[in-house]
Amino acid sequence: MSADVELDRVTVRFGQFTAVSGASLKIAGGEFFSFLGPSGCGKTTILRTVSGFLDPSEGAVRIAGQDMTGIGPNKRPTALIFQNLALFPLMTVAENITYGLRVRGMSKADRMKKADELLSLIALPGQGGKLVSELSGGQRQRVAIARALAVEPKVLLLDEPLSALDLKLRQHMRTELRAIQQRVGITFIYITHDQGEALTMSDRIAVMNNGVIEQIGDGKVVYDAPKTAFVASFVGGNNPFPGHVSKADASGAVIDTPFGPLRGRNPMGVKAGDKAILFVRPEALRLGKGAPDATITSTVLSVAFEGNASHIFLKGAAKKDITLTVGRLERVTIPEQGVEAQVTYDPDLGLVLPEGSMARE
Amino acid sequence: MSRLLVYLIPLAVIAAFVVMARYERRLAHDPTHRGFFERNGTVLGLVFIGLVAFWMLMLVVLPYLYMVQESFHPKLVAADRGGPKDILTLDQYRSFFIQPTDGEVNTTHLWAFFFTLAISALVTFLNFAICYPLAYYMAQAGSAQKVRLLMLALIVPYWVNEILRAFSLRLLLASKGLINQMLMGVGLTDAPIDFLGNNVGLYVGLSYAYLLVMVFPLYNAIESLDKNQIEAARDLGASWFRIHKDVVIPYAKPGIASGCTMVFMLSAGSLAAPQFLGGPRTLWFTSIVYDFFFQAFNWPRGAAYAFILLAACIALVLLMLRLFKVSLGEAIK
């Protein structure tokens, strides 16, 4: 059983501060949907509004078509997984998992049966009698998921639940979460500041900044065709070249930068004279000389070897360095530190976007 | 002769500790360990030990031990002390149950004893019922500014001395006091209600006197509870009642135990509130003890009564801790 979730022009204010402004979107039943953004962008506020801990100042949240205004978190068909998991330390694993059923008045025998079922779902069979403190980080994670799933919610809300885990475990839990979601088939709404998590797990992603949803789309769209400077700079690494647009038409735009004129696609229709930013991904840059309006000459500052790839940092125009990523198996000579190097890119992989706020590093 | 015990017992305990410490050191030898005097220097070390010893022996152990041995002696005039009549006896304890004068059961004192314990338990419960919502609000719900104001409002009345507080309550609750006049003015009652005679004043006074002693342990315990725990329970469908029953109270149990223990002990041993606010028929056990010391000059019997009360209180508290599965260590944290 899954339900669609609709945000209808949801605005949430705390006094003078607007945490979320005019968020409108529709999440389909059974979808794995992520809100991605830096801390303080309003994504947690959205989650708390959907779960019922906050009421929108304006607009409405609808779950399965039903307006949720005035319905408390204990009455909504949602379950929330907290960032710190918030497992009950004085209860055993099984008691934790079945707590939602206990408050619903389910008999102890039924609860124990349900606990066994859920424990095998999360691959912890027979561990119901343990205390939460006896489990490892990943196991606690799974207990939190089971506790939320036990009440058979139509929508599962996850507030950065993987952030406390170490890298290996985090990557493993991504796959596991996705698998669980596909098995139970309910709607997952996932909050994260980690683009890797959002990209690997989600059907669709909403990228947020300063309380505004900047773009909604699946991972490829958000990565390959960002609509704003913020999305381009927040999702994945990117090299910005700000400047004024000198030539623009539907096929592309040329932008005057300290490295000379540079060309890129023009999906947002910037016009000549506009302030704009050209974005080129580190993996789209390569060493060598290309077309004059797609070649940058600069000094190599440093080289970082990362195993499967090497990152070459060149002196950028502003404070930010230009990053170029070379795959391990690419047959190129990595330039030495301090030399002048030329790098180029396919103008189709350059993207000219209107000037806007950028993600902080 | 027996009075010598008062000095010998602490010395024996200290000697036992020294032996235990030696044994321990030999058992788990740690070459990096530096002795107490090595770390602090001889002079400072001696000063530390001297101060701690003075505190423990002179201010804590000896007075109590003196009282204990006193309670096992008969009441004597100064001339007879140390003489042939100065023997060890259980008479003082026996007198609590059987009147020494007529051999009858000592109903007055027994009744006062149970009354004191029962009322103290009631006051403890009342206090908890008042303080729990207050502490929860301060620890989890209220904004920082409101909590500060509330704390101030809680603490400032305690700058007023106990006697003044008790008497002003008395004025408030007297038959021609403010509350009765108000009730009669509104027409809720024709005749004044005898609050003081019915011990209402006593309950109110005692509850009020130890409010802070209950609020702060509760506040400390609840304050460290992760808000997400409460929200998680709520999100899983728990009502407010269930959240408190399943999440907050189990978590705050050590604080509750600590607050209840202190309020119970203090109210069972309180003197001012029962004397000024208790009804005319009310006999508080500490008043009896007080009278033995200062009216009858019967120190041995007063001491015996005081130790009976102390032992009963400790036993009750330990029983309660056992019942609610709190360890003593948690409760005095």
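The values are calculated or read from the model by the stated rules, or taken from the named source; none is laboratory data. All of these numbers come straight from a predicted model, not from anything done at the bench. All Cβ positions, glycine included, derive from the backbone under ideal geometry; neighbour counts span all protein chains shown.
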Exercise. Might you let me know whether the stretch B:187-203 holds any residue that is in a loop (DSSP other than H, G, I, E, B) and modelled with pLDDT of 90 or more?
Key: no
Exercise. Out of A:Thr45, A:Thr11, report the one residue that is under 19 Å from A:Tyr190 (Cβ atoms) and of a type in the set (S, T, N, Q).
Key: A:Thr45
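Table: residues versus (1) more than 14 Å from chain B (Cβ to nearest Cβ); (2) in contact with a Lys or Arg (Cβ under 7 Å, 6 or more places away or on another chain).
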{"residue": "A:Phe33", "(1), (2)": "yes, yes"}
{"residue": "A:Thr49", "(1), (2)": "no, no"}
{"residue": "A:Glu58", "(1), (2)": "yes, yes"}
{"residue": "A:Val61", "(1), (2)": "yes, no"}
{"residue": "A:Pro77", "(1), (2)": "no, yes"}
{"residue": "A:Phe82", "(1), (2)": "no, no"}
{"residue": "A:Pro89", "(1), (2)": "no, no"}
{"residue": "A:Thr92", "(1), (2)": "no, yes"}
{"residue": "A:Tyr99", "(1), (2)": "no, yes"}
Practice problem: Within the stretch A:35-47, track down each residue that is within 14 Å of chain B (Cβ to nearest Cβ) and either under 22 Å from B:Ser239 (Cα atoms) or among the hydrophobic types (A, V, I, L, M, F, W, C) (or both). | Solution: A:Leu47
Exercise. Could you tell me whether the stretch A:103-117 includes any residue that is within 9 Å of another protein chain (Cβ to nearest Cβ) and closer than 21 Å to B:Asp226 by Cβ?
Key: yes
Quiz item: Is it fair to say B:Gly103 is at positive phi and without any contact (Cβ under 8 Å) to a residue 12 or more places away in the chain?
Solution: yes
Quiz prompt | Within the stretch A:177-208, tally of residues that are among the charged types (D, E, K, R) and surrounded by fewer than 18 Cβ atoms within 10 Å (Cβ to Cβ) | solution = 4
Quiz prompt | Residue among A:Gly316, A:Gly288 that alone is touching a Pro at 6+ places or on another chain (Cβ under 9 Å), among the small types (Gly, Ala, Ser) and under 22 Å from A:Gly260 (Cβ atoms) | solution = A:Gly316
Exercise. Kindly check whether there is at least one residue in the stretch B:170-182 that is surrounded by 11 or more Cβ atoms within 10 Å (Cβ to Cβ) and of a type in the set (Lys, Arg).
Key: yes
Quiz item: Which residues, taken from the stretch A:63-75, are of a type in the set (S, T, N, Q) and more than 8 Å from chain B (Cβ to nearest Cβ)?
Solution: A:Gln66, A:Thr69
Quiz item: Of the conditions (1) at negative phi; (2) buried (at least 21 other Cβ atoms within 10 Å of the Cβ), A:Gly211 fails just one. Which one is it?
Solution: (1)
Practice problem: Please state which one of A:Leu149, A:Leu156 is under 24 Å from A:Pro77 (Cα atoms), assigned to a strand (DSSP E or B) and over 15 Å from the mean Cα position of the chain (by Cα). | Solution: A:Leu156
Exercise. Scan the stretch A:273-282 and give yes if some residue there is part of a loop (DSSP other than H, G, I, E, B) and among the β-branched types (Val, Ile, Thr), otherwise no.
Key: no
Quiz item: Could you list, in sequence order, the residues of the stretch A:1-12 that are exposed (fewer than 15 other Cβ atoms within 10 Å of the Cβ) and farther than 16 Å from A:Met208 by Cα?
Solution: A:Met1
Exercise. Take A:Arg281 and decide whether it is in the same structural domain as A:Ile322 (by TED's automatic domain parsing), closer than 21 Å to A:Asp224 by Cβ, surrounded by 19 or more Cβ atoms within 10 Å (Cβ to Cβ) and of a type in the set (D, E, K, R).
Key: yes
Exercise. Just give me the residues in the stretch A:302-338 being within 13 Å of A:Arg286 (Cβ to Cβ), among the charged types (D, E, K, R) and either surrounded by fewer than 10 Cβ atoms within 10 Å (Cβ to Cβ) or modelled with pLDDT of 85 or more (or both), in sequence order.
Key: A:Arg331
Quiz item: Tell me, which helices (runs of 4 or more DSSP H) lie completely within the stretch B:38-147 with 2 or more residues that are assigned by TED's automatic domain parsing to the domain that holds B:Ile288 and at pLDDT 90 or above?
Solution: B:107-136
Quiz item: Any idea which of (1) in a helix (DSSP H, G or I); (2) touching a helix residue (DSSP H, G or I) at 6+ places or on another chain (Cβ under 7 Å); (3) buried (at least 17 other Cβ atoms within 10 Å of the Cβ) is the one A:Leu169 doesn't satisfy?
Solution: (3)
Quiz item: Which of the residues belonging to the stretch A:118-155 are away from every other protein chain (no Cβ under 14 Å) and hydrophobic (A, V, I, L, M, F, W, C)?
Solution: A:Leu119, A:Leu121, A:Ile122, A:Ala123, A:Leu124, A:Leu135
Quiz item: Which of the residues spanning the stretch A:283-314 are in a strand (DSSP E or B) and among the hydrophobic types (A, V, I, L, M, F, W, C)?
Solution: A:Leu287, A:Ile296, A:Val300, A:Leu301, A:Val303, A:Ala304, A:Phe305, A:Ala309, A:Ile312, A:Phe313, A:Leu314
Self-check item: Unique residue being closer than 21 Å to A:Phe234 by Cα, in contact with a Ser or Thr (Cβ under 7 Å, 6 or more places away or on another chain) and of a type in the set (Gly, Ala, Ser) when the list is A:Gly288, A:Gly356
Solution: A:Gly356
Exercise. Output the helices (runs of 4 or more DSSP H) that fall wholly within the stretch B:213-272 and possess 3 or more residues being surrounded by 22 or more Cβ atoms within 10 Å (Cβ to Cβ) and more than 14 Å from every other protein chain (Cβ to nearest Cβ), or say none.
Key: B:249-268
Quiz prompt | Hits in the stretch A:255-265 - residues which are in a strand (DSSP E or B) and farther than 17 Å from A:Arg281 by Cα | solution = A:Asp256, A:Gly260, A:Pro261
Quiz item: Just wondering, is there one or more residues in the stretch B:248-263 that are touching a Ser or Thr at 6+ places or on another chain (Cβ under 7 Å) and touching a residue at least 40 places away in the same chain (Cβ under 8 Å)?
Solution: yes
